[in-house]
Amino acid sequence: MLNFDYRNPTHVVFGKDRIAELDQLVPENSRVLITYGGGSVQRFGTLDKVKAALGNRTVFEFGGIEANPKYDTLVKAVEVARKENIDFLLAVGGGSVMDGTKFIALATQFDGDTASLLHHGFTPVPVANDKVIPLGVIATLPATGSEMNAFAVVSYQGGKFPVNHPCAYPTFAMLDPELTFSLPKIQVANGVVDAFVHVLEQYATYPVDARVQDRMAEGIMRTLIEIGPITVEEPTNYDARANLMWSATSALNGMIGTGVPLDWSTHMIGHELTALFHIDHAQTLAVVLPSLWRVLKEQKHAKLVQYAARVWDITEGDEASRVDQAIDKTEAFFKQVGLPVRLRDHGVTQEQLSLVVDALEAHGMTALSESGKVDLATSRKILDMAW
(Lines give C-alpha, C1' and ligand atoms only; values in the text may rest on other atoms or scores of the structure.)
Protein backbone atom coordinates (compact mmCIF):
# COMPACT_ATOMS: atom_id res chain seq x y z
CA MET A 1 0.00 0.00 0.00
CA LEU A 2 1.25 3.48 -0.86
CA ASN A 3 1.74 6.22 1.73
CA PHE A 4 -1.26 8.50 2.14
CA ASP A 5 -2.93 11.26 4.14
CA TYR A 6 -6.70 11.21 4.49
CA ARG A 7 -9.04 13.88 5.80
CA ASN A 8 -12.68 14.50 5.04
CA PRO A 9 -14.44 17.18 7.10
CA THR A 10 -17.84 17.06 5.35
CA HIS A 11 -20.81 16.39 7.63
CA VAL A 12 -23.20 14.07 5.76
CA VAL A 13 -26.93 14.46 6.46
CA PHE A 14 -28.61 11.48 4.80
CA GLY A 15 -32.27 10.49 4.50
CA LYS A 16 -35.82 11.71 4.06
CA ASP A 17 -37.20 15.12 5.00
CA ARG A 18 -33.98 16.72 6.25
CA ILE A 19 -34.27 20.17 4.64
CA ALA A 20 -35.75 21.69 7.80
CA GLU A 21 -32.43 20.96 9.53
CA LEU A 22 -30.74 23.68 7.49
CA ASP A 23 -31.55 26.02 10.35
CA GLN A 24 -29.03 24.13 12.51
CA LEU A 25 -26.47 23.61 9.73
CA VAL A 26 -26.12 27.14 8.32
CA PRO A 27 -24.63 29.67 10.76
CA GLU A 28 -27.08 32.18 12.20
CA ASN A 29 -27.12 35.66 10.70
CA SER A 30 -25.40 34.40 7.54
CA ARG A 31 -25.74 36.21 4.26
CA VAL A 32 -26.47 33.21 2.05
CA LEU A 33 -26.19 32.87 -1.71
CA ILE A 34 -28.19 29.89 -3.01
CA THR A 35 -26.83 28.55 -6.28
CA TYR A 36 -28.69 26.23 -8.63
CA GLY A 37 -28.96 25.16 -12.24
CA GLY A 38 -31.69 25.18 -14.83
CA GLY A 39 -34.77 25.67 -12.69
CA SER A 40 -35.94 22.17 -11.70
CA VAL A 41 -35.37 23.07 -8.05
CA GLN A 42 -37.93 25.83 -8.57
CA ARG A 43 -40.44 23.70 -10.48
CA PHE A 44 -40.47 20.91 -7.91
CA GLY A 45 -40.61 23.19 -4.86
CA THR A 46 -37.17 22.38 -3.49
CA LEU A 47 -35.99 25.98 -3.60
CA ASP A 48 -39.02 27.21 -1.64
CA LYS A 49 -38.41 24.58 1.06
CA VAL A 50 -34.77 25.60 1.29
CA LYS A 51 -35.58 29.29 1.64
CA ALA A 52 -38.22 28.56 4.28
CA ALA A 53 -35.74 26.47 6.27
CA LEU A 54 -33.21 29.31 6.24
CA GLY A 55 -35.63 31.42 8.25
CA ASN A 56 -34.64 35.04 8.82
CA ARG A 57 -31.21 34.83 7.24
CA THR A 58 -30.52 37.23 4.37
CA VAL A 59 -30.79 35.13 1.22
CA PHE A 60 -29.81 35.78 -2.39
CA GLU A 61 -30.15 33.51 -5.40
CA PHE A 62 -28.02 32.74 -8.44
CA GLY A 63 -29.48 30.35 -11.00
CA GLY A 64 -28.45 29.17 -14.42
CA ILE A 65 -25.25 27.25 -13.63
CA GLU A 66 -24.85 24.94 -16.61
CA ALA A 67 -23.98 21.28 -16.88
CA ASN A 68 -20.19 21.47 -17.13
CA PRO A 69 -20.23 24.88 -15.42
CA LYS A 70 -18.77 27.73 -17.46
CA TYR A 71 -16.22 30.14 -16.05
CA ASP A 72 -18.04 33.11 -17.62
CA THR A 73 -21.21 32.19 -15.72
CA LEU A 74 -19.43 31.56 -12.44
CA VAL A 75 -17.64 34.92 -12.42
CA LYS A 76 -21.07 36.59 -12.55
CA ALA A 77 -21.94 34.74 -9.35
CA VAL A 78 -18.60 35.86 -7.89
CA GLU A 79 -19.61 39.46 -8.61
CA VAL A 80 -22.90 38.94 -6.74
CA ALA A 81 -21.12 37.32 -3.80
CA ARG A 82 -18.67 40.22 -3.56
CA LYS A 83 -21.31 42.92 -3.95
CA GLU A 84 -23.65 41.41 -1.34
CA ASN A 85 -20.92 40.44 1.14
CA ILE A 86 -21.97 36.79 1.03
CA ASP A 87 -20.48 34.70 3.83
CA PHE A 88 -22.12 31.33 3.13
CA LEU A 89 -22.84 29.53 -0.14
CA LEU A 90 -25.53 26.87 -0.52
CA ALA A 91 -25.46 24.73 -3.67
CA VAL A 92 -28.77 23.05 -4.53
CA GLY A 93 -28.38 20.69 -7.46
CA GLY A 94 -26.09 18.12 -9.04
CA GLY A 95 -22.38 17.90 -9.52
CA SER A 96 -22.11 20.86 -11.87
CA VAL A 97 -23.80 23.22 -9.41
CA MET A 98 -21.62 21.89 -6.59
CA ASP A 99 -18.45 22.24 -8.69
CA GLY A 100 -19.39 25.74 -9.76
CA THR A 101 -20.11 26.75 -6.18
CA LYS A 102 -16.71 25.50 -5.02
CA PHE A 103 -15.12 27.73 -7.65
CA ILE A 104 -17.25 30.68 -6.44
CA ALA A 105 -16.09 29.97 -2.89
CA LEU A 106 -12.45 30.04 -3.96
CA ALA A 107 -12.70 32.99 -6.33
CA THR A 108 -14.80 35.48 -4.36
CA GLN A 109 -12.04 36.50 -1.95
CA PHE A 110 -9.19 35.77 -4.35
CA ASP A 111 -6.87 38.69 -5.08
CA GLY A 112 -5.94 38.51 -8.74
CA ASP A 113 -7.20 37.11 -12.01
CA THR A 114 -9.72 34.42 -11.11
CA ALA A 115 -9.02 32.64 -14.43
CA SER A 116 -5.57 31.84 -13.04
CA LEU A 117 -7.24 29.44 -10.59
CA LEU A 118 -7.90 27.14 -13.56
CA HIS A 119 -4.27 26.50 -14.41
CA HIS A 120 -2.97 24.45 -11.50
CA GLY A 121 -4.22 21.02 -12.57
CA PHE A 122 -4.59 18.68 -9.61
CA THR A 123 -2.34 20.86 -7.41
CA PRO A 124 -4.39 22.87 -4.87
CA VAL A 125 -4.95 26.42 -6.04
CA PRO A 126 -3.01 29.15 -4.17
CA VAL A 127 -5.50 30.95 -1.93
CA ALA A 128 -3.86 33.41 0.45
CA ASN A 129 -4.57 32.67 4.11
CA ASP A 130 -7.13 30.03 3.03
CA LYS A 131 -9.67 32.78 2.37
CA VAL A 132 -12.54 30.63 1.12
CA ILE A 133 -16.25 31.21 1.68
CA PRO A 134 -17.77 28.18 3.46
CA LEU A 135 -20.38 26.23 1.53
CA GLY A 136 -22.97 23.55 2.02
CA VAL A 137 -24.68 21.38 -0.58
CA ILE A 138 -28.08 19.81 -1.10
CA ALA A 139 -27.64 17.07 -3.70
CA THR A 140 -30.45 16.54 -6.21
CA LEU A 141 -28.53 14.23 -8.56
CA PRO A 142 -26.54 11.16 -7.43
CA ALA A 143 -23.55 10.94 -9.74
CA THR A 144 -20.36 12.90 -9.27
CA GLY A 145 -19.58 12.60 -5.58
CA SER A 146 -18.77 16.32 -5.54
CA GLU A 147 -20.83 16.66 -2.37
CA MET A 148 -18.06 15.09 -0.28
CA ASN A 149 -14.80 16.18 -1.88
CA ALA A 150 -12.81 19.35 -2.54
CA PHE A 151 -12.56 19.03 -6.32
CA ALA A 152 -14.36 20.86 -9.12
CA VAL A 153 -14.17 20.91 -12.91
CA VAL A 154 -14.79 24.20 -14.74
CA SER A 155 -15.23 24.77 -18.48
CA TYR A 156 -13.15 27.58 -19.97
CA GLN A 157 -12.14 28.48 -23.53
CA GLY A 158 -13.01 25.07 -24.94
CA GLY A 159 -11.37 23.03 -22.18
CA LYS A 160 -12.33 21.51 -18.82
CA PHE A 161 -10.05 22.39 -15.91
CA PRO A 162 -9.76 20.74 -12.49
CA VAL A 163 -9.72 23.02 -9.47
CA ASN A 164 -9.27 22.04 -5.84
CA HIS A 165 -8.33 23.33 -2.40
CA PRO A 166 -8.63 21.66 1.02
CA CYS A 167 -10.93 24.44 2.22
CA ALA A 168 -13.39 23.75 -0.61
CA TYR A 169 -14.88 20.69 1.08
CA PRO A 170 -18.58 21.35 1.76
CA THR A 171 -19.17 21.88 5.47
CA PHE A 172 -22.23 19.66 5.10
CA ALA A 173 -23.85 17.58 2.39
CA MET A 174 -27.57 16.92 2.56
CA LEU A 175 -28.48 13.72 0.71
CA ASP A 176 -32.21 13.04 0.47
CA PRO A 177 -32.93 10.31 -2.12
CA GLU A 178 -36.50 11.57 -2.53
CA LEU A 179 -35.19 14.84 -3.97
CA THR A 180 -33.92 12.79 -6.94
CA PHE A 181 -37.19 11.00 -7.78
CA SER A 182 -38.15 13.55 -10.47
CA LEU A 183 -34.94 13.14 -12.47
CA PRO A 184 -35.23 12.08 -16.12
CA LYS A 185 -34.26 8.45 -16.71
CA ILE A 186 -31.18 9.38 -18.73
CA GLN A 187 -29.77 11.47 -15.87
CA VAL A 188 -30.17 8.55 -13.48
CA ALA A 189 -28.41 6.27 -15.97
CA ASN A 190 -25.64 8.83 -16.28
CA GLY A 191 -25.29 8.84 -12.51
CA VAL A 192 -24.96 5.07 -12.31
CA VAL A 193 -22.20 5.00 -14.92
CA ASP A 194 -20.44 8.09 -13.57
CA ALA A 195 -20.17 6.52 -10.12
CA PHE A 196 -19.09 3.14 -11.55
CA VAL A 197 -16.26 4.65 -13.58
CA HIS A 198 -15.16 6.85 -10.68
CA VAL A 199 -14.53 3.65 -8.75
CA LEU A 200 -12.71 2.00 -11.63
CA GLU A 201 -10.35 4.93 -12.19
CA GLN A 202 -9.08 4.29 -8.65
CA TYR A 203 -9.21 0.48 -8.83
CA ALA A 204 -8.21 -0.80 -12.29
CA THR A 205 -4.54 0.14 -12.16
CA TYR A 206 -2.04 -2.28 -10.58
CA PRO A 207 -1.98 -4.17 -7.26
CA VAL A 208 -0.38 -2.64 -4.16
CA ASP A 209 -1.98 -5.00 -1.60
CA ALA A 210 -4.53 -2.37 -0.51
CA ARG A 211 -7.09 -4.94 0.58
CA VAL A 212 -9.53 -2.65 2.38
CA GLN A 213 -9.67 -0.17 -0.51
CA ASP A 214 -10.09 -2.97 -3.06
CA ARG A 215 -12.93 -4.63 -1.15
CA MET A 216 -14.71 -1.32 -0.63
CA ALA A 217 -14.41 -0.51 -4.33
CA GLU A 218 -15.68 -3.94 -5.32
CA GLY A 219 -18.62 -3.59 -2.94
CA ILE A 220 -19.64 -0.26 -4.48
CA MET A 221 -19.41 -1.71 -7.99
CA ARG A 222 -21.44 -4.81 -7.13
CA THR A 223 -24.07 -2.58 -5.52
CA LEU A 224 -24.31 -0.43 -8.65
CA ILE A 225 -24.66 -3.53 -10.84
CA GLU A 226 -27.48 -4.78 -8.59
CA ILE A 227 -29.46 -1.56 -8.20
CA GLY A 228 -28.51 0.41 -11.32
CA PRO A 229 -31.14 -1.04 -13.67
CA ILE A 230 -33.74 -1.01 -10.87
CA THR A 231 -33.34 2.65 -9.99
CA VAL A 232 -33.39 3.65 -13.68
CA GLU A 233 -36.69 1.84 -14.22
CA GLU A 234 -38.27 2.49 -10.81
CA PRO A 235 -37.58 6.14 -9.97
CA THR A 236 -39.54 6.13 -6.69
CA ASN A 237 -37.96 2.94 -5.34
CA TYR A 238 -36.47 4.55 -2.25
CA ASP A 239 -34.13 1.73 -1.28
CA ALA A 240 -32.59 1.47 -4.75
CA ARG A 241 -32.19 5.24 -5.07
CA ALA A 242 -30.72 5.52 -1.57
CA ASN A 243 -28.11 2.91 -2.46
CA LEU A 244 -27.29 4.74 -5.69
CA MET A 245 -26.92 8.02 -3.82
CA TRP A 246 -24.56 6.64 -1.18
CA SER A 247 -22.61 4.66 -3.80
CA ALA A 248 -22.03 7.82 -5.83
CA THR A 249 -20.85 9.71 -2.75
CA SER A 250 -18.64 6.86 -1.57
CA ALA A 251 -17.09 6.49 -5.02
CA LEU A 252 -15.34 9.84 -4.83
CA ASN A 253 -15.04 10.92 -1.20
CA GLY A 254 -11.38 9.90 -1.22
CA MET A 255 -11.58 6.74 0.87
CA ILE A 256 -11.13 4.11 -1.87
CA GLY A 257 -8.41 6.21 -3.52
CA THR A 258 -6.13 6.35 -0.48
CA GLY A 259 -2.90 4.41 -0.72
CA VAL A 260 -3.48 3.19 -4.28
CA PRO A 261 -2.32 4.32 -7.75
CA LEU A 262 -4.89 6.33 -9.71
CA ASP A 263 -5.60 6.52 -13.43
CA TRP A 264 -8.15 9.16 -14.64
CA SER A 265 -7.27 8.62 -18.33
CA THR A 266 -10.89 7.86 -19.18
CA HIS A 267 -11.93 11.15 -17.59
CA MET A 268 -9.27 13.22 -19.34
CA ILE A 269 -10.22 11.85 -22.77
CA GLY A 270 -13.90 12.12 -21.88
CA HIS A 271 -13.55 15.77 -20.91
CA GLU A 272 -12.32 16.58 -24.40
CA LEU A 273 -15.26 14.73 -25.95
CA THR A 274 -17.67 16.74 -23.82
CA ALA A 275 -15.99 20.03 -24.67
CA LEU A 276 -15.89 19.32 -28.41
CA PHE A 277 -19.15 17.47 -29.03
CA HIS A 278 -21.30 18.31 -25.97
CA ILE A 279 -21.74 14.66 -25.02
CA ASP A 280 -22.87 14.13 -21.43
CA HIS A 281 -19.88 13.48 -19.19
CA ALA A 282 -20.99 10.01 -18.07
CA GLN A 283 -21.73 9.03 -21.64
CA THR A 284 -18.17 9.84 -22.65
CA LEU A 285 -16.99 7.52 -19.89
CA ALA A 286 -19.21 4.71 -21.14
CA VAL A 287 -17.68 5.12 -24.59
CA VAL A 288 -14.02 5.44 -23.58
CA LEU A 289 -13.51 3.01 -20.68
CA PRO A 290 -14.08 -0.36 -22.42
CA SER A 291 -11.91 0.66 -25.37
CA LEU A 292 -9.18 2.01 -23.11
CA TRP A 293 -9.08 -1.34 -21.32
CA ARG A 294 -8.90 -3.25 -24.59
CA VAL A 295 -5.87 -1.20 -25.59
CA LEU A 296 -4.23 -1.37 -22.13
CA LYS A 297 -5.10 -4.97 -21.20
CA GLU A 298 -1.48 -5.92 -20.63
CA GLN A 299 -0.74 -2.92 -18.41
CA LYS A 300 -3.87 -3.49 -16.29
CA HIS A 301 -3.89 -7.30 -16.49
CA ALA A 302 -3.58 -8.20 -12.80
CA LYS A 303 -6.31 -5.87 -11.59
CA LEU A 304 -8.63 -6.78 -14.48
CA VAL A 305 -8.30 -10.46 -13.60
CA GLN A 306 -9.19 -9.55 -10.01
CA TYR A 307 -12.09 -7.38 -11.22
CA ALA A 308 -13.41 -10.24 -13.37
CA ALA A 309 -13.46 -12.62 -10.42
CA ARG A 310 -14.63 -10.38 -7.61
CA VAL A 311 -17.10 -8.11 -9.40
CA TRP A 312 -18.44 -10.35 -12.19
CA ASP A 313 -17.76 -13.82 -10.69
CA ILE A 314 -15.78 -14.83 -13.78
CA THR A 315 -13.36 -17.56 -12.68
CA GLU A 316 -13.40 -20.11 -15.52
CA GLY A 317 -11.02 -20.15 -18.49
CA ASP A 318 -7.59 -18.67 -18.96
CA GLU A 319 -6.82 -15.21 -17.61
CA ALA A 320 -6.90 -13.47 -20.99
CA SER A 321 -10.39 -14.78 -21.76
CA ARG A 322 -11.60 -13.78 -18.28
CA VAL A 323 -10.38 -10.22 -18.84
CA ASP A 324 -12.15 -10.08 -22.21
CA GLN A 325 -15.38 -11.33 -20.63
CA ALA A 326 -15.14 -8.72 -17.86
CA ILE A 327 -14.70 -5.92 -20.37
CA ASP A 328 -17.65 -7.20 -22.41
CA LYS A 329 -19.83 -7.42 -19.28
CA THR A 330 -18.88 -3.88 -18.27
CA GLU A 331 -19.86 -2.58 -21.69
CA ALA A 332 -23.11 -4.57 -21.56
CA PHE A 333 -23.90 -3.05 -18.15
CA PHE A 334 -23.52 0.46 -19.54
CA LYS A 335 -25.89 -0.45 -22.38
CA GLN A 336 -28.32 -2.10 -19.96
CA VAL A 337 -28.85 1.12 -18.03
CA GLY A 338 -29.33 3.00 -21.30
CA LEU A 339 -26.05 4.56 -22.43
CA PRO A 340 -24.48 4.21 -25.91
CA VAL A 341 -20.99 2.73 -25.99
CA ARG A 342 -19.74 3.96 -29.38
CA LEU A 343 -18.74 7.44 -30.49
CA ARG A 344 -20.58 7.03 -33.78
CA ASP A 345 -23.80 6.64 -31.77
CA HIS A 346 -23.22 10.25 -30.66
CA GLY A 347 -22.75 11.46 -34.25
CA VAL A 348 -18.97 11.75 -34.03
CA THR A 349 -17.21 10.93 -37.29
CA GLN A 350 -13.85 9.17 -37.63
CA GLU A 351 -12.43 12.32 -39.19
CA GLN A 352 -13.26 14.25 -36.03
CA LEU A 353 -11.14 12.00 -33.82
CA SER A 354 -8.06 14.01 -34.74
CA LEU A 355 -9.72 17.02 -33.08
CA VAL A 356 -9.79 15.12 -29.80
CA VAL A 357 -6.11 14.24 -30.05
CA ASP A 358 -5.29 17.86 -30.87
CA ALA A 359 -7.24 19.00 -27.80
CA LEU A 360 -5.44 16.50 -25.56
CA GLU A 361 -2.14 17.86 -26.81
CA ALA A 362 -3.20 21.48 -26.34
CA HIS A 363 -4.21 20.77 -22.73
CA GLY A 364 -1.04 18.87 -21.88
CA MET A 365 -2.70 15.45 -21.70
CA THR A 366 0.21 13.64 -23.34
CA ALA A 367 1.25 11.19 -20.61
CA LEU A 368 -1.94 9.71 -19.16
CA SER A 369 -2.78 6.69 -16.96
CA GLU A 370 -1.24 5.36 -13.77
CA SER A 371 1.91 4.58 -15.78
CA GLY A 372 2.16 7.94 -17.54
CA LYS A 373 2.72 6.02 -20.77
CA VAL A 374 -0.55 6.75 -22.58
CA ASP A 375 0.75 9.16 -25.18
CA LEU A 376 -1.18 10.82 -27.99
CA ALA A 377 -0.72 7.83 -30.30
CA THR A 378 -2.19 5.51 -27.67
CA SER A 379 -5.07 7.89 -27.05
CA ARG A 380 -5.77 7.80 -30.78
CA LYS A 381 -5.89 3.98 -30.67
CA ILE A 382 -8.38 4.17 -27.83
CA LEU A 383 -10.55 6.64 -29.74
CA ASP A 384 -10.41 4.53 -32.91
CA MET A 385 -11.54 1.48 -30.94
CA ALA A 386 -14.30 3.50 -29.28
CA TRP A 387 -15.63 4.74 -32.58
| query | Cross-link list 70/102; 76/102; 300/381; 160/335: which exceed 20 angstrom alpha carbon to alpha carbon? | reply | 160/335
| said: For a protection proxy built on the mean count of beta-carbon atoms within 10 angstrom, sort 125-135, 151-161 highest first, please. | reply: 151-161, 125-135
| task | Of the listed values [x] 22.0; [y] 19.2; [z] 17.9, grab the one calculated as mean projected area of the Cα convex hull in nm² from the structure here. | result | [z]
| query | HN-Hα J couplings of the range 296-304 from phi, Karplus 6.51/-1.76/1.60, θ = phi - 60°, integer Hz, Gly and Pro as x? | reply | 10, 4, 5, 4, 9, 3, 4, 6, 5
| said: Amide H of residue 86 versus every other amide H placed in the peptide plane: which residues, excluding those fewer than 5 positions away on the same chain, fall under 5 Å? | reply: none
| remark: Sorted on mean Cβ neighbours within 10 Å (highest first), peptides 95-104, 23-32 come out as 95-104, 23-32
| task | Sort 245, 385 by accessible area with a 1.4 Å probe, largest first. | result | 385, 245
| note | Most packed first (mean Cβ within 10 Å per residue), the peptides 139-149, 275-285, 208-218 order as 139-149, 275-285, 208-218
| request: Over the chain, calculate the relative contact order: mean separation of alpha carbon pairs under 8 Å at least 6 apart, over the residue count, as a percent. | output: 15 percent
| request: Name the residues whose placed amide hydrogens come within less than 5 Å of the amide hydrogen of residue 14, ignoring near sequence neighbours (fewer than 5 apart) on the same chain. | output: 175
| query | Under a 1.4 Å probe, what is the accessible area of the chain per residue, stated in Å²? | reply | 41 Å²
| said: Using each residue's phi in the range 349-365, evaluate 6.51 cos²θ - 1.76 cosθ + 1.60 at θ = phi - 60° and report the 3J(HN,Hα) Karplus result to the nearest Hz, with x for Gly and Pro. | reply: 8, 4, 5, 7, 5, 5, 5, 5, 4, 4, 5, 4, 5, 5, 9, x, 8
| field | Centroid-to-centroid separation of the range 319-333 and the range 113-157 [C-alpha atoms, Å] | value | 35 Å
| query | What's the angle, to the nearest 10 degrees (0 to 90), between helix 376-386's Cα axis and the longest principal axis of the chain? | reply | 80 degrees
| request: Heavy atoms only, probe 1.4 Å: what % of the accessible area of the chain goes to carbon and sulfur, would you let me know? | output: 49 percent
| request: State, to one decimal in nm, how far the label point of residue 306 lies from the label point of residue 181, with both points 7 Å from Cα in the Cβ direction. | output: 4.0 nm
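Do the sum for the chain: with -39,500 (n - 2.57) for every DSSP H run of n ≥ 4, divided by all residues, what is the mean residue ellipticity at 222 nm, to the nearest 500 deg cm²/dmol?
Counting only the DSSP helices, I get -14500 deg cm²/dmol.
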| message | Whole-Hz ³J(HN,Hα) for each residue in the range 202-211, computed from phi via Karplus 6.51 cos²θ - 1.76 cosθ + 1.60 with θ = phi - 60°, x for glycine and proline: what do you get? | response | 9, 10, 8, 10, 8, x, 9, 6, 9, 5
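The values are calculated or read from the model by the stated rules, or taken from the named source; none is laboratory data. The structure displayed is predicted, hence computed values, not measured ones. Cβ: placed from backbone, ideal geometry, glycine included. Neighbour counts: every protein chain shown. Each accessible area value is taken on the protein alone, full model and side chains, heavy atoms only, with ligands, DNA and RNA left out. Shrake-Rupley method; radii C 1.70, N 1.55, O 1.52, S 1.80 Å.
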